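Please treat every number below as a calculation from the coordinates, not as lab data. As the structure is a prediction and not an experimental result, all values here were calculated from the model. Neighbour counts are summed over all protein chains in view; Cβ atoms, including those assigned to glycine, are modelled from backbone coordinates with ideal geometry.
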Amino acid sequence: MLSLFDLRTRIASGSLTPEAAIALSQEAIARQEPAIGALVRHQADPVIPRSGLLAGIAVGIKDIIDTADMPTEMGSPIYSGWQPKADAAIVARLRGLGAVPLAKTTTCPFASLDPTLTRNPRDLDHTPGGSSAGSAAAVAAGMLPLALGTQTGGSVIRPAAYCGIAGIKPSFRLLPMVGIKTFSWALDTLGLFGAGVRDIAHALAVIADRPAIDLGEAPGVPRIGLVTQDFAGKAEPEAIEALALAVRAAEAAGADVATISLPDILADAFHAQGTIQDFEARQALAWEYAAHRAAFGPMLGPQLDAAQAITADDYDSARRSAHRARRALKDVFGEVDVILTFSAPGRAPMGLGSTGSSCFNRLWTLMGVPCVTVPVPGEGLPLGVQIIAPFGDDGRALAAARFIELALAA
């Protein structure tokens, strides 16, 4: 894989030029993309700035994010060839930092559930997850050192775990959503994919203009609360063992790990997430639904059909549950620094018929808190564990994730 942190270190030292760094991505795309199908399109001859905090960094842009120099097709035939007039705010920010938005990456239609044809670089017979399928696969395949995704349920954390890379869903609205197709305005969150925790920490610190998010050389020892989210469903045996391995590694590195129970209101909020999501989705996609219902896939179409029956009272009740859960979660973080839990129920499913389940991600997206997934070493397809910190404390989440990453590598 291409490490953003290492590339920037080499560029700063003068041992690598921005042009040479971009060429590494272009060479990897030529070599890997035909088999993986992670990209909708890419720039063959991009303008490459020579200065900026992210100069020399090629970025994949999920294809629900507007780009002025490449079409934004939402993963749907409804928007085939559609060319925005302006960059989304996040793309403009990346350009201002010297990064090169090199490619548009595949997405499930409107960031929903209908799978793409993108393959998992770790095993081409398996899904990379979704909806940010192309972004996760492109980073895992070494085609890009950084890629953008969005998460409404689990569309950053889950594909990152399936592809064996680091991913962060930051605190809600830490990164701007202007110019990104909405699915659920109360949930949609812009996230990042990178080779490791140092890469996403450095990228987030620079992009968000919050230097304190970046990692020091020696992350502190966190108090960790272990949560299995039993209300969300059952994890597969290999995911349970991966979580146990992370616990053993953290404890061996000096961390205090305690199993904790979440207040019942968080289970209520977990079940309310779908009501909020679908009530907002039916409004965000109202024009597409009215004018192009037949163009929807076999999952999104029926999902929006059912969403027509959700009442405003249902929605308001779900929002109240979420509000109460956020208050209760603050008390949980009075006892521990971070929560450690599953990134996904197991390994990436076989075939391309499903992007997997977001059951272990939905609650945290609804809570708006920062979430980081770290790969767990082992045989076979990748597994990951998820680290969660209080709202607004993205640096804490990343520091704890780096601690666990280093502990697992020891």
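Taking the Cα centre as origin and putting +1 on Lys and Arg beta-carbons and -1 on Asp and Glu beta-carbons, what dipole magnitude results for the chain, to the nearest 20 debye?
Numbers: 33 positive and 40 negative charges, 115 e Å.
The dipole magnitude comes to about 560 debye.
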*Count the lysine pairs in the chain whose Cα atoms lie under 18 Å apart, taking only pairs 8 or more positions apart in sequence or on different chains.*
8
*Amide proton proximity set for residue 223, modelled H, under 5 Å, gap of 5+*: 337, 338
*What is the stretch 304-399 by shape, rounded, prolate or oblate, if you read a ≥ b ≥ c off the alpha carbon gyration tensor as root eigenvalues and call it rounded for a/c under 1.5, prolate for a/b larger than b/c, and oblate otherwise?*
oblate
*In whole Hz, with x marking every Gly and Pro, tabulate ³J(HN,Hα) for the stretch 158-164 from phi via Karplus 6.51 cos²θ - 1.76 cosθ + 1.60, θ = phi - 60°.*
5, x, 4, 5, 4, 9, x
*Return, for the Cα atoms of the stretch 4-211, the radius of gyration and Dmax in Å, separated by a comma.*
15.2, 47
*What does the charge add up to near residue 151, with Lys and Arg as +1, Asp and Glu as -1, over the other residues with Cβ less than 11 Å from its Cβ?*
+3
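Listing 70, 143 from the residue with the fewest other Cβ atoms within 10 Å to the one with the most, what is the order?
Details: 70 21, 143 32.
In increasing order of surrounding Cβ atoms, one gets 70, 143.
Give, in nm to one decimal, the length gained when the segment between residue 69 and residue 125 is fully stretched (0.36 nm per residue of separation minus the Cα-Cα distance). Walk me through the numbers on the way to the answer.
Numbers: separation 56, 0.36 × 56 = 20.16 nm, distance 3.28 nm.
Answer, rounded to one decimal: 16.9 nm.
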*Relative to the present Cα-Cα distance, how much length would full extension add between residue 234 and residue 20 at 0.36 nm per residue of separation?*
72.4 nm
*Cα centroids of the stretch 57-133 and the stretch 190-225: how far apart, whole angstrom?*
23 Å
*asked:* Skipping prolines and chain starts, which residues have an amide H placed within reach, meaning under 5 Å, of the one on residue 342, given they are 5 or more residues away or on another chain?
replied: 386
*Going toward the positive end of the dipole of the stretch 12-70, with +1 on Lys and Arg Cβ and -1 on Asp and Glu Cβ, which of 12, 59, 28 do you reach last?*
12
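With r defined as the distance between the Cβ atoms of residue 51 and residue 209 and R0 fixed at 22 Å, what FRET efficiency is calculated, to the nearest 0.05? If you can, show how the numbers build up before the last one.
Working: r = 17 Å, r/R0 = 0.77.
Computed FRET efficiency for residue 51 and residue 209: 0.80.
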_For the chain, set up a GNM with springs between Cα atoms under 10 Å and report which of 292, 323, 126 has the largest fluctuation._
292
*How many percent of DSSP beta bridges within the chain run antiparallel, rounded to 5?*
65 percent
_Pairwise label distance in nanometres, residue 261 with residue 316, each label 7 Å out on the Cα-Cβ vector_ = 3.3 nm
_Cα→Cβ-extended label distance, 7 Å offset, between residue 324 and residue 223, nm_ = 2.7 nm
_Placed amide H near residue 41: partners under 5 Å, 5+ positions off or other chain_ = 104
*Å³ per residue of the Cα convex hull, for the stretch 94-239?*
151 Å³
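Based only on the alpha carbon positions, what is the Kirkwood hydrodynamic radius of the stretch 351-410, in angstrom? Please list the in-between numbers first.
Details: mean 1/r = 0.0773 Å⁻¹.
Over the stretch 351-410, the inverse of the mean reciprocal pair distance is 12.9 Å.
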*Starting from the Cα of residue 354, step 7 Å toward the Cβ, then list every residue of the stretch 142-162 with an amide N under 17 Å from that point.*
154-155, 158-159, 162
*For the stretch 382-397 and the stretch 240-296, what is the separation of their C-alpha centers, rounded to whole Å?*
13 Å
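As a footprinting exposure proxy, order 183, 110, 5, 231 by other Cβ within 10 Å, with the fewest listed first. Kindly include the intermediate steps, with their values, before the conclusion.
Working: 183 23, 110 26, 5 20, 231 15.
Ranked by crowding around the Cβ, least crowded first: 231, 5, 183, 110.
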*Take the Cα gyration tensor of the stretch 218-356, multiply each eigenvalue by 5, square-root it, and list the three semi-axes largest first, rounded to whole angstrom.*
36, 21, 12
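Given a cut-off of under 8 Å on Cα pairs at least six residues apart, what relative contact order in percent is computed for the chain? It would help to have the intermediate numbers written out before the result.
Numbers: 992 pairs, mean separation 78.9, N = 410.
Reported relative contact order: 19 percent.
So for 234, 85, 181, 62, fewest C-beta neighbours within 10 Å to most, what's the order?
Details: 234 13, 85 6, 181 24, 62 31.
Listing 234, 85, 181, 62 from fewest to most nearby Cβ atoms yields 85, 234, 181, 62.
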*Consider just the alpha-carbon atoms of the chain and return their Rg together with their Dmax, both in angstrom.*
19.8, 61
*In µm²/s, what is D for the stretch 193-262 at 10 °C and 1.306 mPa s, where D = kT/(6 pi eta Rh) by Stokes-Einstein and Rh is the Kirkwood radius from Cα pairs?*
109 µm²/s
*Given 0.36 nm per residue, what is the gain on full extension from residue 271 to residue 391 after removing their alpha carbon distance, in nm?*
41.2 nm
*Just the number, please: percent antiparallel of the DSSP beta bridges in the stretch 4-211, rounded to the nearest 5.*
60 percent
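Under unit Cβ charges (Lys, Arg +1; Asp, Glu -1), what dipole magnitude, rounded to 20 debye, does the stretch 4-211 have relative to its Cα centre?
I would put it at about 420 debye.
Residue 18: net charge of surrounding residues, Cβ under 12 Å, Lys/Arg +1, Asp/Glu -1, itself excluded? It would help to have the intermediate numbers written out before the result.
Working: positive: 8, 10, 50; negative: 19.
Within the 12 Å Cβ shell, the charges total +2.
Ranked highest first by average number of other Cβ atoms within 10 Å, how do 96-109, 149-162, 7-20 line up?
Working: 96-109: 24.9, 149-162: 31.9, 7-20: 15.4.
Answer by packing, highest mean first, reads 149-162, 96-109, 7-20.
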